[in-house]
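Working notes for the structure below.
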Amino acid sequence: MSICVKRFGNQMKNLFLIRHAKSSWDERSLSDFDRPLNDRGHKSAPFMADLLFSKRMIPDYIFSSPANRALSTAKYFTQSFDIPDTDIVTDHDLYHASVTDLLAIVQSIPEEKKNVLLFGHNPGFTDLANYLTGEHIFNVPTSGIVHIEFDTLFWGKTGRNRGRLMAFYEPKNYKEQWK
């Protein structure tokens, strides 16, 4: 499903859950935390970043798991938006976080931030998307983007079924374009 994003109201908060791109299992000696992106990840991540950029949404807060694959994915997005990598805020709590942990992170986003990119992992991201929207997304795939809009001024007021699913971008829908 892809829904075109047309507007961002004055009171709206926009959360983009972006799952890290496909990672490599080539070096078995690396820890899960340190796994890099594989070739497919290095192709899909910049494409999905450019896709989001084309929607004319400018992030004012970028928050990422510090795991190599998540942070590498986030850097492709900062490149597309011409934002310095140093603007990425990392938090170890995003690494394999539960819905409860992720909700606490979302609710603690500074109130002045309106458009937030959050980079992390499954199953937490799929579970959070469903929790916030009441939708039934089976899986947020690697490099997948879920756009959730909240009609509130306060991140602290986000919660169960309080968000509206605005878009769900799956890289497989664009595979011929990023191959």
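By the Kirkwood approach, averaging reciprocal distances over each pair of separate Cα atoms, segment 40-85 gets a hydrodynamic radius of 10.7 Å.
Of the chymotrypsin sites (Phe, Trp or Tyr not before Pro) in segment 15-98, which ones lie in a loop per DSSP and count no more than 14 other C-beta atoms within 10 Å?
Passing sites in segment 15-98 are W25.
Accessible surface area normalised per residue over the chain is 49 Å², counting heavy atoms of protein chains with a 1.4 Å rolling probe.
Distances between placed amide hydrogens fall under 5 Å for M166 paired with H147, I148, E149, all partners being 5 or more residues away or on another chain. Relative to the dominant Cα principal axis of the chain, helix 68-80 is inclined by about 70°.
Report the relative contact order of the chain, percent, no decimals, based on alpha-carbon pairs under 8 angstrom and at least 6 residues apart.
On the way: 358 pairs, mean separation 58.9, N = 179.
Relative CO of the chain lands at 33 percent.
Tally up the carbon and sulfur contribution to the accessible surface of the chain as a whole percent, 1.4 Å probe, everything protein left in place. Each step should come with its number before you reach the end.
Working: 4190 of 8770 Å².
Roughly 48 percent, rounded to a whole number.
Given 20 °C and 1.002 mPa s, how large is the Stokes-Einstein diffusion coefficient of segment 1-106 in µm²/s, with Rh as the Kirkwood radius over Cα pairs? The partial results should precede the final answer.
Details: Rh = 14.9 Å.
Taking Rh from Cα pairs, D becomes 143 µm²/s.
For the chain, the Kirkwood radius over C-alpha pairs fed into Stokes-Einstein at 25 °C and 0.890 mPa s yields D = 153 µm² per second. Within the chain, antiparallel bridges make up roughly 50 percent of the DSSP beta bridges whose residues both belong there. Along segment 134-143 the Karplus relation, 6.51 cos²θ - 1.76 cosθ + 1.60 evaluated at θ = phi - 60°, assigns HN-Hα couplings of x, 7, 10, 6, 5, 7, 8, x, 4, 6 Hz to successive residues, with x for each Gly and Pro.
Can you pull the one-decimal nm distance between simple spin-label points at D87 and S29, each 7 Å off the Cα toward Cβ? Using points 7 Å along Cα→Cβ, the separation is 3.8 nm.
To the nearest 10 degrees, how steeply does helix 124-133 sit against the main Cα axis of the chain, on a 0 to 90 scale? The answer is roughly 20 degrees. Seen from all directions on average, segment 96-179 presents a Cα convex hull projection of 5.6 nm². Applying the Karplus relation 6.51 cos²θ - 1.76 cosθ + 1.60 with θ = phi - 60° to segment 154-160 yields 3J(HN,Hα) values of 10, 4, x, 9, 6, x, 3 Hz, where x marks Gly and Pro.
For segment 93-176, trypsin sites (Lys or Arg not before Pro) are listed when DSSP marks them as loop and at most 13 other Cβ atoms sit within 10 Å of their Cβ; the list is R160.
Using C-alpha pairs under 8 Å with a sequence gap of at least 6, the mean separation divided by the residue count of segment 19-66 gives a relative contact order of 33 percent.
Any of K22/K55; K43/K172; K55/K157; K22/K75 with alpha carbons more than 19 Å apart? Name them for me. Could the numbers behind the result be given before it?
Details: K22/K55 23 Å; K43/K172 12 Å; K55/K157 26 Å; K22/K75 14 Å.
Over 19 Å apart, Cα to Cα: K22/K55; K55/K157.
Taking amide H positions as modeled 1.01 Å from N, with prolines and chain starts lacking one, the residues under 5 Å from T90 and 5 or more places away or on another chain are S64. Each residue of segment 108-114 was assigned a 3J(HN,Hα) from its phi angle through the Karplus curve 6.51 cos²θ - 1.76 cosθ + 1.60 (θ = phi - 60°); the sequence is 9, 4, x, 4, 6, 7, 10 Hz, with glycine and proline shown as x.
The values are calculated or read from the model by the stated rules, or taken from the named source; none is laboratory data. This structure is a prediction, so every number in the text was calculated from the model and none was measured. For neighbour counting, all protein chains shown are included, and Cβ atoms are generated from backbone atoms with ideal geometry for every residue, glycine included. Keep in mind that these areas ignore ligands, DNA and RNA; they rest on the heavy atoms of the full protein, side chains included. Shrake-Rupley method; radii C 1.70, N 1.55, O 1.52, S 1.80 Å.
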